[in-house]
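The values are calculated or read from the model by the stated rules, or taken from the named source; none is laboratory data. All of these numbers come straight from a predicted model, not from anything done at the bench. Cβ coordinates were reconstructed from backbone atoms using ideal geometry, including for glycine residues, and neighbour counts include every protein chain displayed. For the accessible areas, the whole protein counts, side chains as well, though only heavy atoms, and no ligand, DNA or RNA atoms are used. Shrake-Rupley method; radii C 1.70, N 1.55, O 1.52, S 1.80 Å.
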Amino acid sequence: MENRVVRSACRMCHGVCQVLVHLEGDRVVKVTGDPDSPTSRGYICPKGAASPDLLYHPDRLLYPLRRVGGRGEKKWERISWEEALDGMAARLTAIKEESGPEYFAMQQGTGRPYTGYTTRFANAFGTPNFTGVAHLCYLPRWLVSLYTLGQLPICDIYGFGDEYPSCVVLWGCDITRSGASDGMCGGMFQRALRRAKKVIVVDPRRIAAAEKADHWLQLRPGTDGALALAMINTIISEGLVDRDFVDGYTVGYERLVEHVRTFTPEWAAPITRLDPGEIRAAARTYAATSPACIQWGNAVDMSACNAQTARSLLILRALTGNIDRPGGDVLWVPPAGVKQRSVFMNLEVPGLQFRPPEVAGRALDAERYPVCPITHPPTFWRSIVEGDPYRIRAMWIVGSNPLLTMSNPRQTEKALGMLEYLVVSDFFLTPTAELADLVLPAATWLEQEDVVNLHKIWCVLARVKVAQEGEARDDREVIFDLAHRLGLWEAFPWESWREHLDWALEDTGMNFEEFCSRGILRGEMRYHKYREQGFATASGKFEIYASAMEAMGAPPLPVYREPPMSPLSTPEVAREYPLILTTGAKIREFFHSEGRQISSLREKHPDPLAEIHPETAASLGIEDGDWVWVETPQDRVKMRARLWEGIAPDVVSAEHGWWFPEDEAPGHGWHRSNVNLLFGEMEYDPDSGSECLRSWLCRIQKV
Ligand SMILES: Nc1nc2c(c(=O)[nH]1)N[C@H]1C(S)=C(S)[C@@H](COP(=O)(O)OP(=O)(O)OC[C@H]3O[C@@H](n4cnc5c(=O)[nH]c(N)nc54)[C@H](O)[C@@H]3O)O[C@H]1N2
Ligand SMILES: Nc1nc2c(c(=O)[nH]1)N[C@H]1C(S)=C(S)[C@@H](COP(=O)(O)OP(=O)(O)OC[C@H]3O[C@@H](n4cnc5c(=O)[nH]c(N)nc54)[C@H](O)[C@@H]3O)O[C@H]1N2
Ligand code: SF4
Ligand SMILES: [Mo]
């Protein structure tokens, strides 16, 4: 048997690492890090190494299945792709003709290879109802970046400008544990941390980077907005502002000075529970050590003021002159000639806009959240249950498991049961997929070819198809085929996926095969671009005072809002539920609700964990490893206690995404340890509609 090694790009998470795929004959036997990769330099995490276990997993969906019994009765028949897609096209056409395109909805989960193609399909079909998780993951940060400076700033850790960050801030982000996020590799970030003179960590948990940090700000969960404002206040009042940048390239500074006058560290101290001196010291370090970059994370996205907090963090970068300078937070230049398909880079390409204006008025969430790029999920699911303003009839979920990954899942379950027609594309029969009428088997990254660009921006990577199990298909081929059956050629003018890839590369002078032999194409980075071309905003400046936010009815200068359930906002609830709950810090071995059936990963992390301070545990008679109930006014779930002094005595951190593939179908015990059951209807962030998943109230009891 011939042994080969193929260079490709991993996609067991958002995907940034270039890897080597080792084959014996046709069989993938191993995946290892690629030492020559500029994006990852040989790094691989446990999920990446487990890729062959996903590819060959015996439970994988390999053929389209049609439901034959009652919903959730687990009776299926295998059908051909022809039959599956013909049937789907017929149902969607009938619904469109009888009721209108808005009676069909789509959902996707986190960013995946097909991001941009699902929205393109929804737009082309004509439905404004596209939902998912974008309101509480990454998109609020990205959107306010567009409104503030025209592009998302990203940490410059690669040394392209011969400088590395002297100060690194990790704000609600634990990238060295998770492996990767938002297009950055944890291994590369570890190098940046080692090289930095100063490290600042903002996290209620003592993450690995906090151990050696110069400042670890262990704030009360959900209060990042107050801390950021107090740091802005300090930098202004102590004269640490980079005047050249602020005077030359921003608007609204004077109004900001007035606005933050009362947001002193003394104001923030009782909110964040940090010492005013600690806040001042961290602000001074950040402002005085340059270049500095802020690696911000998902914790910023899930509060009562996520867009506002993100705005404050953008303003901190501008006040200190760290925007688009080497070693700071930069605006990447994408590789020349590659047609940018990423939603994060190119808004011109049809389908990359989340809601076409001509159908926006028929969306289910008429009273929109201004910074919510999708149909607001809680409003969406409620509208199905209540049939108000109308009840959608059909839905296609591509790669999401909302029963596990979204708040208030009992309502979601009810809603899914009320649909006339549900299609789910996935690798496995998850608790969500089990409720479908039709399930479509998706190809893993080892079965796909791609010009990988989502999230990274400064480069594109080659992904090479090396395997094919059963009839699993690339979701994008499925979207193309269905679109063509529906006559949507204008939005999908390519006969095949490969033709599309060749099209995306045509201006580089390479076809897909030639690109694969190169493996990576990089943009030619230039810094300080704003000096010649300004910023891509209405004023051409960095908008400290954001006119775009104002136009949408959102505060144009950043504010802080207290979580709707907290010791300060609901002291009466806090008497019965005295602990502060944060959920969903990412697990190294799993991607959200994925991977629980992969034994090489599950062995390393067998049970759902809730972290509790040893003193708190002792007062409740709980020992390390005990099963406990984590309970909120909404519901309770069972988790294993992990005692840890790296968390404050009144804070609990619980993992998300837990179901038990080894348990009986249907359901696989999804009610047992699913933290999202703990969150029901609530007061959502008025800008983004985000749920407050990082700061709620709970109590703990031994099972
Ligand atoms: N309480 C709480 N809840 C959270 C979070 C939290 O911090 N706290 N985090 C939130 C965040 S940040 C996010 S992004 C969401 C994630 O939410 P989801 O994206 O819904 O979560 P996943 O479990 O990653 O994915 C769901 C399904 O997609 C399938 N899948 C994976 N890749 C593919 C593919 O290429 N094609 C197809 N068709 N299917 C695929 C998987 O098998 C899995 O069953 O969860 C959110 N949920
Ligand atoms: N292994 C693995 N990697 C992943 C994922 C995965 O599921 N598994 N998911 C991917 C996705 S979709 C995302 S969005 C990213 C997210 O990855 P990150 O951006 O790193 O975010 P999280 O891991 O969700 O949370 C980071 C930190 O936030 C802290 N935290 C909790 N509450 C608060 C708070 O109120 N304020 C502050 N400042 N910090 C708080 C937690 O203690 C945790 O250490 O990871 C991606 N990478
Ligand atoms: S961090 Fe993500 S891209 Fe890198 S090896 Fe792990 S799963 Fe793959
Ligand atoms: Mo996410």
query: In segment 149-158, is there at least one residue being away from ligand 1 (no atom under 13 Å from the Cβ), in a strand (DSSP E or B), outside the structural domain of Asp475 (by TED's automatic domain parsing) and under 30 Å from Pro567 (Cα atoms)?
result: no
- prompt: In segment 141-154, how many are closer than 14 Å to Tyr369 by Cβ and within 12 Å of ligand 4 (Cβ to nearest atom)?
  reply: 0
query: Across segment 575-592, what is the total count of residues that are at negative phi and within 16 Å of ligand 4 (Cβ to nearest atom)?
result: 8
- line: Filtering segment 471-512 down to residues that are over 28 Å from the mean Cα position of the chain (by Cα) and under 25 Å from Pro101 (Cβ atoms) yields His484, Arg485, Leu486, Gly487, Leu488, Trp489, Glu490, Pro493, Trp494, Glu495
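Just checking, does segment 93-110 include any residue being outside any loop (DSSP other than H, G, I, E, B) and within 16 Å of ligand 2 (Cβ to nearest atom)? Can you show your working first?
Applying the first criterion (outside any loop (DSSP other than H, G, I, E, B)) to segment 93-110 yields 93-98, 101-108.
Imposing the further condition that a residue be within 16 Å of ligand 2 (Cβ to nearest atom) reduces the set to 107-108.
Among the residues of segment 93-110, at least one is outside any loop (DSSP other than H, G, I, E, B) and within 16 Å of ligand 2 (Cβ to nearest atom), which makes the answer yes.
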message: It is to be established whether one or more residues within segment 184-194 are outside any helix (DSSP H, G or I), under 25 Å from Val651 (Cα atoms) and more than 16 Å from ligand 1 (Cβ to nearest atom).
response: no
The one condition in (1) at negative phi; (2) modelled with pLDDT under 95 that Arg194 fails to fulfil: (2)
message: Suppose we filter segment 557-602 for residues that are more than 15 Å from ligand 2 (Cβ to nearest atom), in contact with a Phe, Trp or Tyr (Cβ under 9 Å, 6 or more places away or on another chain) and either outside any loop (DSSP other than H, G, I, E, B) or under 30 Å from Phe427 (Cα atoms) (or both); how many remain?
response: 1
- line: Within segment 131-155, the residues that are open to solvent by less than 10 Å² (accessible area, probe 1.4 Å) and more than 15 Å from the chain's Cα centre (by Cα) are Val144, Ser145, Thr148, Leu149, Pro153, Cys155
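With Tyr164, Tyr138 as the choices, which residue is in contact with a helix residue (DSSP H, G or I) (Cβ under 7 Å, 6 or more places away or on another chain), more than 16 Å from ligand 4 (Cβ to nearest atom) and not polar (S, T, N, Q)?
Details: Tyr138 fails: more than 16 Å from ligand 4 (Cβ to nearest atom).
After ruling out the rest, the residue left standing is Tyr164.
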query: Taking only pairs six or more apart or across chains, which ones have beta-carbon atoms under 7 Å, a first residue in segment 1-13 that is on the phi > 0 side of the Ramachandran plot, and a second residue that is within 16 Å of ligand 2 (Cβ to nearest atom)?
result: none
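Using the structure shown, decide if Met406 is out of contact with any strand residue (DSSP E or B) (no Cβ under 8 Å at 6 or more places or on another chain) and surrounded by fewer than 22 Cβ atoms within 10 Å (Cβ to Cβ). Explain how you work it out, then say what you get.
Working: out of contact with any strand residue (DSSP E or B) (no Cβ under 8 Å at 6 or more places or on another chain): yes; surrounded by fewer than 22 Cβ atoms within 10 Å (Cβ to Cβ): no.
No: the conditions fail for Met406.
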- prompt: Going by the conditions given, is Thr110 within 25 Å of Met406 (Cα to Cα), open to solvent by less than 30 Å² (accessible area, probe 1.4 Å) and polar (S, T, N, Q)?
  reply: yes
message: So, in segment 167-179, how many residues would count as being on the phi < 0 side of the Ramachandran plot and within 16 Å of ligand 4 (Cβ to nearest atom)?
response: 6
task: Would you be able to say whether some residue in segment 21-30 is touching a residue at least 40 places away in the same chain (Cβ under 8 Å), within 16 Å of ligand 3 (Cβ to nearest atom), surrounded by 15 or more Cβ atoms within 10 Å (Cβ to Cβ) and not aromatic (Phe, Trp, Tyr)?
output: yes
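Just to verify a result, which residue in segment 260-306, among those that are within 16 Å of ligand 4 (Cβ to nearest atom) and part of a helix (DSSP H, G or I), is farthest from Asn233 (Cα to Cα)?
The initial filter retains those residues of segment 260-306 that are within 16 Å of ligand 4 (Cβ to nearest atom), namely 295-303, 306.
After this cut, where a residue has to be part of a helix (DSSP H, G or I) as well, the list is 298-301, 306.
Values: Asn298: 24, Ala299: 22, Val300: 19, Asp301: 22, Asn306: 19 Å.
Step by step, filter segment 260-306, then rank; the result is Asn298.
Which residue is nearest to Pro35 (Cα to Cα), if the candidates are limited to segment 502-556 and must be open to solvent by 70 Å² or more (accessible area, probe 1.4 Å) and not in a helix (DSSP H, G or I)?
Within segment 502-556, the first condition is being open to solvent by 70 Å² or more (accessible area, probe 1.4 Å), and the residues that meet it are 503, 506-507, 513-514, 517-518, 522, 524, 526, 531-533, 536, 538, 550-551.
When the remaining residues are screened for being not in a helix (DSSP H, G or I), the result is 522, 524, 526, 536, 538.
Numbers: Arg522: 17, Glu524: 22, Arg526: 26, Ala536: 37, Ala538: 43 Å.
Among those that are open to solvent by 70 Å² or more (accessible area, probe 1.4 Å) and not in a helix (DSSP H, G or I), it is Arg522.
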- request: Can you tell me which residue within segment 156-202, out of those that are of a type in the set (D, E, K, R) and closer than 19 Å to Cys10 by Cβ, is least open to solvent (accessible area, probe 1.4 Å)?
  value: Asp182
message: Within segment 53-68, does at least one residue satisfy the condition of being open to solvent by 30 Å² or more (accessible area, probe 1.4 Å), touching a helix residue (DSSP H, G or I) at 6+ places or on another chain (Cβ under 8 Å), within 16 Å of ligand 3 (Cβ to nearest atom) and in contact (Cβ under 8 Å) with a residue 60 or more places away in the chain?
response: yes
- prompt: Of the residues that make up segment 570-590, is at least one closer than 18 Å to Phe679 by Cα, more than 28 Å from the chain's Cα centre (by Cα) and of a type in the set (S, T, N, Q)?
  reply: yes
query: Can you find even one residue in segment 312-329 that is open to solvent by 30 Å² or more (accessible area, probe 1.4 Å), modelled with pLDDT of 95 or more and in a loop (DSSP other than H, G, I, E, B)?
result: yes
- prompt: Only one residue in Val257, Val201 is more than 16 Å from ligand 4 (Cβ to nearest atom) and in a strand (DSSP E or B), so which one is that?
  reply: Val201
Count - residues of segment 207-236 that are touching a residue at least 12 places away in the same chain (Cβ under 8 Å), open to solvent by 50 Å² or more (accessible area, probe 1.4 Å) and not in a loop (DSSP other than H, G, I, E, B): 2
query: Restricting the search to segment 420-440, which residues are open to solvent by 10 Å² or more (accessible area, probe 1.4 Å), under 24 Å from the mean Cα position of the chain (by Cα) and among the aliphatic types (A, V, I, L, M)?
result: Leu429
task: Please list, ordered by first then second residue, the pairs with beta carbon atoms under 7 Å, 6 or more apart or interchain, first in segment 575-597 and closer than 23 Å to Ala433 by Cα and in contact (Cβ under 8 Å) with a residue 12 or more places away in the chain, second within 9 Å of ligand 1 (Cβ to nearest atom) and open to solvent by 30 Å² or more (accessible area, probe 1.4 Å).
output: His592/Thr405; Ser593/Thr405
